[in-house]
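Here's the structure we're looking at; comments come further down.
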Amino acid sequence: MSTSCRICEHSERKGCEPKEHTCRKNWSGSAKAMEPAMAVKMIKNIKSKGHTLKTLVMDDDTSTICKVREEVDPDIEKCSDKNHTFKNFTNHLFTLQKEKYKRILSTKTITHIKKCFAYAVSSNRGNPSALKANLIAIPHHLFGNHSTCDSKWCRYLQNKESYIPRNLPYGRYLSDTNLHEDLLHLVSSFAGQVDKLSSLESTQGNENFNYMVSRKNPKNNFYSGSESTSGRVAAAVCEKNLGPQYVTKVNEELSLSPGSFTLKDAERKMKKRKMNAEKTIPPPPPQHIQVPLPPDDYYRVYFDLETTGLGLSCEIIQLAAACGNECFSCYVMPKSPVQEQATRVTGMTFDGTTLYKRGLPLDAVSLDECLSSFHLWLTGIPKPVLFAHNCRQFDSIILCRAISNCNFHVLSECIIWIL
Ligand SMILES: [Zn+2]
Ligand SMILES: [Zn+2]
């Protein structure tokens, strides 16, 4: 939306009639009222296309939601956005740093406290009471008092002998009592809104698109007075929807052959994008409880996994196990492609519908089916104990996650993990 139009302004200055043009001026109200008006316009547009809208994920701008409720739907729900909430939390910490604790509260510490906060919020989705307890425990934990911590996340409780608060400066606990008080006060104020915090959603996709628009249509240059903005935003839409090769596609559409630099550039950006996608942090590994090996009356089951990649975020494509002369093997249909490094090890490829081993199609089932037949196979073995090569670092983590993702907890109950 724009409050001015270059062509209209130009002709006004010259005192003549403007030439025929698509006028950019489409807003005469205040700049503050623009955002709510745009939200209303967008939501009406979505509704006119036959979609239903129940919840709006947004920052904590009350005027927008009021306007939407007033003009479109009084029952529309509002849900806060994760990134804005985290940013808000860190801003409070930086204010504390600036105003009172220049020396004591380092930026490293702030980053760590933010991480603790973000972890608490992300891991307690839909569980306000657990989130509250977790939030209140953060300052105590940072000051070396672990009585309110939960062994689910507190590394000290997991390993009392060797724990060092590595993420704090010099590996030492914080000690300033005033800071403790202030931090407690801060998390308490956030703990007062746990109902909201435990149901946060992410607007990461929008932020990402906004970034693309701002690169092509930088705010410090005034483009919206002319048609330039439409073209720039359209280019950003293409980039978002088609990926970095969009320039090549536009060229082809116009019967132009893309130059070699354009091709190379697109390839480089695709590579970067792929690398970033692989870098995304996998969900925290399920917690293992270290137990001593039971006395002699158990059976050793050796298992091995083949996966779509070498990292911890990959998926299972084969689960094989052996116990004495009994064997089990099952191929699993993955949801993502098999990475090259994994293919080199396993010889397996996936074309989106069929799993192949050295070019031959395999009979693959869903992960659910695989786990349930593995469970069935294990029930034939009295007291099975699973063993694997590199079990603690890789196989047990992947298998545990698969079990919890499929809600197949009956399987985890019948397995004792030895790490
Ligand atoms: Zn105009
Ligand atoms: Zn702790």
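For LYS249, list the lysines whose Cα falls under 16 Å from its own Cα; do not include residues on the same chain fewer than 8 positions away.
Within the straight-line cut-off, LYS249 pairs with LYS240, LYS264, LYS269.
For segment 82-197, rounded, prolate or oblate, judged on the Cα gyration tensor with a ≥ b ≥ c (square roots of eigenvalues), a/c < 1.5 rounded, else prolate if a/b > b/c?
In terms of gyration-tensor shape, oblate.
Counting alpha carbon pairs within less than 8 Å and at least 6 residues apart, what relative contact order, in whole percent, applies to segment 82-197? Please list the in-between numbers first.
Values: 94 pairs, mean separation 30.5, N = 116.
For segment 82-197, the relative contact order is 26 percent.
Under a crude label model (7 Å from the Cα following the beta-carbon direction), how far is SER189 from GLU20 in nanometres?
5.9
Suppose we keep just the DSSP beta bridges with both residues in the chain; what percent of those would be antiparallel, to 5?
Taking every DSSP beta bridge within the chain, about 55 percent pair in antiparallel fashion.
Run the numbers for SER151 and SER214: contour at 0.36 nm per residue of separation, minus the present Cα-Cα distance, in nm.
18.3 nm
Students often get this wrong: which residues of segment 176-195 have the backbone nitrogen under 19 Å from the point 7 angstrom along Cα-to-C-beta of ASN83?
none
Would you work out if the chain is rounded, prolate or oblate? Take a ≥ b ≥ c from the square roots of the eigenvalues of the alpha-carbon gyration tensor; rounded if a/c is under 1.5, else prolate when a/b is larger than b/c, oblate otherwise.
oblate
Apply the Karplus curve 6.51 cos²θ - 1.76 cosθ + 1.60, θ = phi - 60°, to the phi angles in segment 154-164 and return the couplings in whole Hz, x for Gly and Pro.
Once θ is set to phi - 60°, the couplings for segment 154-164 become 7, 5, 5, 5, 6, 8, 5, 5, 9, 6, 10 Hz.
Could you work out how far the C-alpha centroid of segment 336-402 sits from that of segment 52-118, in angstrom?
41
Using 0.36 nm times the number of residues separating SER366 and ASN390, minus their current alpha carbon distance, what extension gain do you get?
Length gained between SER366 and ASN390: 6.2 nm.
Just going by the charge dipole of segment 82-197, with Lys and Arg at +1 and Asp and Glu at -1 on Cβ, which of HIS140, SER188, TRP153 is farthest out on the positive end?
About the Cα centre, the residue reaching furthest to the positive side is TRP153.
Using the beta-carbon distance between LYS240 and CYS8 and R0 = 41 Å, what value does 1/(1 + (r/R0)^6) give for FRET efficiency, to the nearest 0.05?
0.85
If the cut-off is a Cα-Cα distance under 16 Å, which aspartates and glutamates reach LYS47, setting aside same-chain residues fewer than 8 apart in sequence?
Within the straight-line limit of under 16 Å, LYS47 reaches these aspartates and glutamates: GLU70, GLU71, ASP73, ASP75, GLU77.
Quick query: amide H of LYS78 versus all other amide H atoms, modeled in the peptide plane; which residues come in under 5 Å with a sequence gap of 5 or more or a different chain?
Those lying under 5 Å, H to H, from LYS78 are LEU56.
Measuring from label point to label point, each 7 Å out along Cα→Cβ, what is the LYS102 to ARG268 span in nm?
My value for the distance between the label points is 4.3 nm.
Rounded to the nearest 10 Å², what accessible area does TYR163 have for a 1.4 Å probe in the complete protein model?
60
List the pairs from LYS19/LYS216; LYS115/LYS274; LYS54/LYS82; LYS87/LYS271 whose alpha-carbon separation is above 21 Å, in the order I gave them.
Violating the 21 Å limit, Cα to Cα: LYS19/LYS216; LYS115/LYS274; LYS87/LYS271.
If I model a spin label as a point 7 Å beyond the Cα along the Cα-Cβ vector, how far apart are those points for LEU53 and LYS32 in nm?
In this crude label model, LEU53 to LYS32 measures out at 2.3 nm.
Kindly list the residues of segment 131-154 that lie in the label zone of TYR170, defined by a backbone N under 19 Å from the point 7 Å along the Cα-to-C-beta vector.
Inside the label zone: 142-145.
Hey, with R₀ at 56 Å, roughly what FRET efficiency would SER226 and ARG300 work out to, going by the Cβ-Cβ distance, to 0.05?
0.15
The values are calculated or read from the model by the stated rules, or taken from the named source; none is laboratory data. Small disclaimer: the values here were computed from a predicted structure and weren't measured. Here Cβ is always computed from backbone atoms with ideal geometry, including for glycine, and neighbour counts include all displayed protein chains. SASA here: full protein model, heavy atoms, side chains in, ligands and nucleic acids out. Shrake-Rupley method; radii C 1.70, N 1.55, O 1.52, S 1.80 Å.
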